[in-house]
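As structure tokens, the structure follows; a few thoughts come after it.
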Amino acid sequence: MKLYEMQQEILRLKKENDICILAHSYEAREVCEIADFTGDSYALSVKAKSVKNKTVLMCGVRFMAETVKILSPEKRVILSHPQAGCPMAEQFTPAEITALKEKHHGAAVAAYVNTSAELKAVCDVCVTSSCAVKVVCAVPQKDIIFVPDINLGSFVAANCPDKNIILMPGGCPEHAKITKEDALSAKAAHPGALFLVHPECKPEVTALADYVGSTAGIMEYAKQSGAGEFIIGTENSIVSHLQYDCPGKRFYPVSKELICENMRLTTLPEVYLCCLGKGGEEIEIEPEIMKNARRCIDKMIEYGG
Ligand code: 13P
Ligand code: SF4
């Protein structure tokens, strides 16, 4: 089947089977094109609360599908590819969080949304890259343990000077690969370009940025900007999406290596199989974990909205 024919089939099947397709902005163009909604982690979480369809197909990674299930427990939630995970989600165990809470008595625990449901269940509030500063500033406690991303945590600490942020040594292996030298050489190659960076990059990289924000924030900034050239410091799919959406502007990756293999596992044939009821994985979470993780995500939406 040709790509276009498969897309038409998916559109027919999702209507017939009452499926809503959500896709993270890192997904391939042909997947984003058949989605009902595309966005960053925060926008997808908010959207998950209001979906009307019986089934939600999440094209992204496992923690995103879990977030949909936690916010819409009555729905059938399918993760587009069973192996699509985020390495950050497993960097801390619930027992380690409990030990940290005992060590830093009275501190709140802020969990990046890129964590498992089990981990969220023992934390106090969730954040995404787009709302982390707003949410952390709104948390009543002064001491905040931030897990797992040390780079996003450092960015939050720099932007919430009234808080005492306790950082933990985790992070995205892909974004953390980007060095100051990568950034300087991209800037030297494109001296007129603005540098737009995801806060999962190291502080010495974000320090060189003209804008630091989530995937959606970076896309929005580039589209609204009067500038004509941009170096993109996040997953390289964003470079191609922006180049397609803004043909009059030029977009360059900060490094050809910034690729999330987990996000790339979802292909259009995979989505087609899911719509036929043959692929992906249905997300199931224990009710107690679901209830406690929901408290954490609801707090994020309350503070971040
Ligand atoms: P966003 O919050 O920008 O969607 O980021 C999610 C992510 O996994 C970035 O690597
Ligand atoms: Fe996880 Fe990094 Fe991939 Fe985002 S880019 S899903 S943080 S591995």
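Would you be able to say whether some residue in the range 199-218 is farther than 25 Å from CYS137 by Cβ and either open to solvent by less than 10 Å² (accessible area, probe 1.4 Å) or modelled with pLDDT of 95 or more (or both)? Before the answer, list the steps.
Here is the first cut: in the range 199-218, the residues farther than 25 Å from CYS137 by Cβ are none.
No, the range 199-218 contains no residue that is farther than 25 Å from CYS137 by Cβ and either open to solvent by less than 10 Å² (accessible area, probe 1.4 Å) or modelled with pLDDT of 95 or more (or both).
In the set (1) out of contact with any His (no Cβ under 8 Å at 6 or more places or on another chain); (2) outside any loop (DSSP other than H, G, I, E, B); (3) within 16 Å of ligand 1 (Cβ to nearest atom), the condition left unmet by ILE178 is number (2). Residues in the range 111-123: is at least one open to solvent by 30 Å² or more (accessible area, probe 1.4 Å) and either at pLDDT below 95 or of a type in the set (Gly, Ala, Ser) (or both)? No, the range 111-123 contains no residue that is open to solvent by 30 Å² or more (accessible area, probe 1.4 Å) and either at pLDDT below 95 or of a type in the set (Gly, Ala, Ser) (or both).
Quick check, is ALA132 among the hydrophobic types (A, V, I, L, M, F, W, C), touching a residue at least 24 places away in the same chain (Cβ under 8 Å) and within 16 Å of ligand 1 (Cβ to nearest atom)?
Details: among the hydrophobic types (A, V, I, L, M, F, W, C): yes; touching a residue at least 24 places away in the same chain (Cβ under 8 Å): yes; within 16 Å of ligand 1 (Cβ to nearest atom): yes.
Yes.
Residue count for the range 74-91, restricted to those that are at pLDDT 95 or above and open to solvent by 30 Å² or more (accessible area, probe 1.4 Å): 5.
So which residues in the range 241-287 are among the small types (Gly, Ala, Ser) and either under 22 Å from the mean Cα position of the chain (by Cα) or open to solvent by less than 70 Å² (accessible area, probe 1.4 Å) (or both), if there are any at all? So that I can check it myself, show each step before the final result.
Of the range 241-287, the ones among the small types (Gly, Ala, Ser) are 248, 255, 277, 279-280.
SER255, GLY277, GLY279, GLY280, listed by residue number.
Name the strands (runs of 3 or more DSSP E) wholly inside the range 1-116 in which the number of residues that are touching a residue at least 24 places away in the same chain (Cβ under 8 Å) is 2 or more.
Details: elements: 19-24, 37-39, 55-59, 76-79, 108-112.
Once the strands (runs of 3 or more DSSP E) in the range 1-116 are filtered for at least 2 residues that are touching a residue at least 24 places away in the same chain (Cβ under 8 Å), what remains is 19-24, 55-59, 76-79, 108-112.
Of the residues in the range 153-165, none is closer than 14 Å to ASN114 by Cα and not small (Gly, Ala, Ser). Residues in the range 1-19 that are basic (Lys, Arg) and open to solvent by 50 Å² or more (accessible area, probe 1.4 Å): LYS2, ARG12, LYS15.
Look through the range 147-171, keep the residues that are assigned to a loop (DSSP other than H, G, I, E, B) and open to solvent by 40 Å² or more (accessible area, probe 1.4 Å), and return whichever of them is farthest from VAL205 (Cα to Cα). Give the steps one after another, and end with the answer.
At the first step, the residues of the range 147-171 found to be assigned to a loop (DSSP other than H, G, I, E, B) are 148, 160-163, 168-169, 171.
With the extra rule that they be open to solvent by 40 Å² or more (accessible area, probe 1.4 Å), the set shrinks to 161-162, 169.
Numbers: PRO161: 20, ASP162: 24, PRO169: 17 Å.
Per the criteria, the residue is ASP162.
Just one residue in the set ALA209, ALA157, ALA186 is touching a strand residue (DSSP E or B) at 6+ places or on another chain (Cβ under 6 Å), in contact (Cβ under 8 Å) with a residue 12 or more places away in the chain and more than 16 Å from ligand 1 (Cβ to nearest atom); that residue is ALA186. Per the conditions (1) within 16 Å of ligand 2 (Cβ to nearest atom); (2) more than 30 Å from ASP18 (Cβ to Cβ), the sole criterion not satisfied by ILE97 is (1). Among the residues making up the range 268-285, those that are touching a residue at least 60 places away in the same chain (Cβ under 8 Å) and not acidic (Asp, Glu) are LEU268, PRO269, VAL271, TYR272, CYS274, CYS275, LEU276, GLY277, GLY279, GLY280, ILE283, ILE285. Number of residues in the range 63-73 that are surrounded by fewer than 24 Cβ atoms within 10 Å (Cβ to Cβ) and of a type in the set (S, T, N, Q) equals 1. Residue-level analysis places ALA183 among those that are open to solvent by less than 50 Å² (accessible area, probe 1.4 Å) and more than 21 Å from THR98 (Cα to Cα).
The values are calculated or read from the model by the stated rules, or taken from the named source; none is laboratory data. Keep in mind that this is a model prediction, so the values were computed, not measured. No Cβ is skipped: glycine too gets one built from the backbone with ideal geometry, and neighbour counts run over all protein chains shown. Just so you know, the surface numbers come from the protein's heavy atoms only, side chains and all, with ligands and any DNA or RNA stripped out. Shrake-Rupley method; radii C 1.70, N 1.55, O 1.52, S 1.80 Å.
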